[in-house]
Amino acid sequence: MALLRNAWSRGTLAELHDLSAVALRDSLRKGEVSSAEAAAHFLARIEQQNPLLGAFVTVTAEQAMASARAADALRSSVPPGELPFLHGMPLAFKDLTDVAGVVTTHGSSALDHRPALSDGPLVALLKGAGVVSLGKTQVPEFGLTAYSENRVAPPSRNPHAPSRSSGGSSGGSAAAVAAALLPFAPGTDGGGSIRIPAAACGLVGLKPGRGLVPAGESLGDPARLVVAGPLARSAADAALMTDALVPSPESVRDGGYLARVHQEPPRLRIGVTLDSPWSGTFPFTPDQEALDALRTGEKLLEHAGHSLSEAGIRYDNRYPDAFTTAWTAPVGAARISPHREALLAPLTRTFRRRAQQRSPAKLNEALAFLRQFQRDTVTQYAQWDLLLMPALAQAPRPVGWFTGTAHGGDRWPAAQWAGDADGDYRKQCEFAPWSSMVNVCGLPAITIPVHWTGNAPGLGLPLGIQLVGPMGSEALLLQVARGLGY
């Protein structure tokens, strides 16, 4: 408490959360702000706002303050140039990844909730970069859905409209960043799980290309869909996180993503498309608000000097079945005691049963198809420098909308979920029809919050665009986002 009182008297608590992640990182390295002050400030904000938002499942205040004091001790003993890259930066991790000594729930009541024995690779990487973990953020059960609601903790809500969802599966992290409970956060994306919540919460969300961030990959991911990336309030903050996630000689030699984000991008040929591989199975019509966001994005890109043209993309209509087979394979293999399977949410239970009923040959057939789909799609995309499409087909949905929870999800725990797994899944695919194929292709993509309902930034609901680039275009995507003012 003395620490908090001292920080208040110095005026730091009223200001730290308004700093960009880059500015906060620089202040921590210079000693203008101590790590303990930063951690205490953000923990105070979490304590105040999380009961409404449900962004955090677990807050590890004691561990955070101990880590922050250790970071301050390190700073007093080494030159600034020898400090870790993200020295003292407060952060949190999705409740799908292990943090030593903290329970990982995976968003599921069907698992035993025991403290993790060690850090997962992504956590170890970022702790090695100097971050201070404040806790674990809300996710859907096993990260399966485009909304972050489960039977473990209250749903994650959208800071711009708490009756609405913050998206998924990185929904808790996105809500925390959008509400300035964190300066930025790492997410993981296997079918849109960074880009969907970033778009829903008005953030910049970068999905790096396959293989760029090995620490975010999963051994239980047969199609290699999952990659880690940043959720941030600006392209520069996203670049800072990317530099921490990609500690390679190449990035250091080029000055890193943060240095390159400030460079002017070349004039680009950008293809504009509404085509989706889900259209044949789940025909959908984008909401006018999503189309308005696309038009806004087009105008901004043209004003920045880029050339836009219509792009007609042909997708194989076998894609939905093959993707769903690969996407749900891990939950079929999850270690869950038979007597606890009844505790799974209806969607998880249904897809687990179907995954277990499929033969290994069926999965291999789906994986082979997805490899061919990748080759065909990447060939088509190569006609343009970047592809442009809406980030989402609809504005953020009400909490409980996907599951049919009574009273829009206001009652928790949700004792009576509708149980319509196929209806739930269809709604998700219609909500985010331009996400998963980017993971299958292994390509980088970025979402940019260019539009707000009612044309009222910060007052309405955010809507954005997605730009998809070729392999190795992460820096270019960040440059384009910054060139649009984000």
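The values are calculated or read from the model by the stated rules, or taken from the named source; none is laboratory data. Every value quoted in this text rests on a predicted model; they were computed, and no experiment measured them. No Cβ is skipped: glycine too gets one built from the backbone with ideal geometry, and neighbour counts run over all protein chains shown.
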Practice task
Scan the range 250-259 and give yes if some residue there is touching a residue at least 40 places away in the same chain (Cβ under 8 Å), crowded, with 18+ Cβ neighbours inside 10 Å and over 16 Å from the mean Cα position of the chain (by Cα), otherwise no.
Solution key: yes
Fill in the blank from the handout: Among the residues of the range 126-165, the number that are closer than 19 Å to VAL59 by Cα and under 12 Å from the mean Cα position of the chain (by Cα) is 4
Completion exercise
If we ask which residues in the range 140-162 are more than 18 Å from GLU430 (Cα to Cα) and in contact with a strand residue (DSSP E or B) (Cβ under 6 Å, 6 or more places away or on another chain), their number turns out to be 2
Exercise for the section: Scan the range 87-101 and give yes if some residue there is in contact with a helix residue (DSSP H, G or I) (Cβ under 7 Å, 6 or more places away or on another chain), over 30 Å from ARG352 (Cα atoms), modelled with pLDDT of 95 or more and hydroxyl-bearing (Ser, Thr, Tyr), otherwise no. Expected result: no
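Scan the range 49-64 and give yes if some residue there is farther than 30 Å from LEU343 by Cα, free of Cβ contacts under 8 Å to residues at least 60 places away in the same chain and acidic (Asp, Glu), otherwise no. So that I can check it myself, show each step before the final result.
Quick first cut of the range 49-64, residues farther than 30 Å from LEU343 by Cα only: 62-64.
Those left that are additionally free of Cβ contacts under 8 Å to residues at least 60 places away in the same chain: 62.
Subset that is acidic (Asp, Glu): 62.
Checked against the condition, which is being farther than 30 Å from LEU343 by Cα, free of Cβ contacts under 8 Å to residues at least 60 places away in the same chain and acidic (Asp, Glu), the range 49-64 yields at least one hit.
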Completion exercise
In the range 434-470, anything under 14 Å from ARG397 (Cβ atoms) and either assigned to a strand (DSSP E or B) or not aliphatic (A, V, I, L, M) (or both) is listed as THR453, PRO462, LEU463
Practice task
Looking only at the range 343-362, decide whether some residue is touching a Lys or Arg at 6+ places or on another chain (Cβ under 9 Å) and either part of a helix (DSSP H, G or I) or surrounded by fewer than 15 Cβ atoms within 10 Å (Cβ to Cβ) (or both).
Solution key: yes
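For the range 276-294, which residues satisfy the criterion of being assigned to a loop (DSSP other than H, G, I, E, B) and more than 23 Å from the chain's Cα centre (by Cα)?
SER279, GLY280, THR281, PHE282, PRO283, PHE284, THR285
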Problem - Qualifying positions in the range 21-63 - in contact with a Lys or Arg (Cβ under 7 Å, 6 or more places away or on another chain), more than 19 Å from PRO154 (Cα to Cα) and in a loop (DSSP other than H, G, I, E, B) - result: GLY31
Exercise for the section: Filter the range 75-97 for residues that are buried (at least 22 other Cβ atoms within 10 Å of the Cβ) and of a type in the set (A, V, I, L, M, F, W, C) and give the result. Expected result: LEU86, MET89, LEU91, ALA92, PHE93, LEU96
Practice task
With the checklist (1) touching a Lys or Arg at 6+ places or on another chain (Cβ under 8 Å); (2) buried (at least 18 other Cβ atoms within 10 Å of the Cβ); (3) outside any helix (DSSP H, G or I); (4) not hydrophobic (A, V, I, L, M, F, W, C) in hand, flag the one item SER309 doesn't pass.
Solution key: (2)
Problem - Qualifying residues in the range 127-152 (those that are in contact with a Phe, Trp or Tyr (Cβ under 8 Å, 6 or more places away or on another chain), of a type in the set (A, V, I, L, M, F, W, C) and buried (at least 19 other Cβ atoms within 10 Å of the Cβ)) - the one farthest from GLY192 (Cα to Cα) - result: LEU134
Exercise for the section: Restrict the check to the range 426-434 and report whether at least one residue is touching a helix residue (DSSP H, G or I) at 6+ places or on another chain (Cβ under 8 Å), at pLDDT below 95 and aliphatic (A, V, I, L, M). Expected result: no
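Residue check: is LEU245 among the aliphatic types (A, V, I, L, M) and either over 26 Å from PRO330 (Cβ atoms) or surrounded by fewer than 24 Cβ atoms within 10 Å (Cβ to Cβ) (or both)? Before the answer, list the steps.
Working: among the aliphatic types (A, V, I, L, M): yes; either over 26 Å from PRO330 (Cβ atoms) or surrounded by fewer than 24 Cβ atoms within 10 Å (Cβ to Cβ) (or both): no.
Spelling it out, it is not the case that LEU245 is among the aliphatic types (A, V, I, L, M) and either over 26 Å from PRO330 (Cβ atoms) or surrounded by fewer than 24 Cβ atoms within 10 Å (Cβ to Cβ) (or both).
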Problem - Among the residues listed as SER193, SER165, the single one being more than 23 Å from LEU476 (Cβ to Cβ) and polar (S, T, N, Q) - result: SER165
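Look at ALA293 and say whether it is in contact with a His (Cβ under 7 Å, 6 or more places away or on another chain) and in contact (Cβ under 8 Å) with a residue 40 or more places away in the chain. Don't jump to the end; show me each part of the working.
Working: in contact with a His (Cβ under 7 Å, 6 or more places away or on another chain): yes; in contact (Cβ under 8 Å) with a residue 40 or more places away in the chain: yes.
So ALA293 fits the description; yes.
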Practice task
Determine whether ASP72 is without any contact (Cβ under 8 Å) to a residue 40 or more places away in the chain, buried (at least 17 other Cβ atoms within 10 Å of the Cβ) and part of a loop (DSSP other than H, G, I, E, B).
Solution key: no
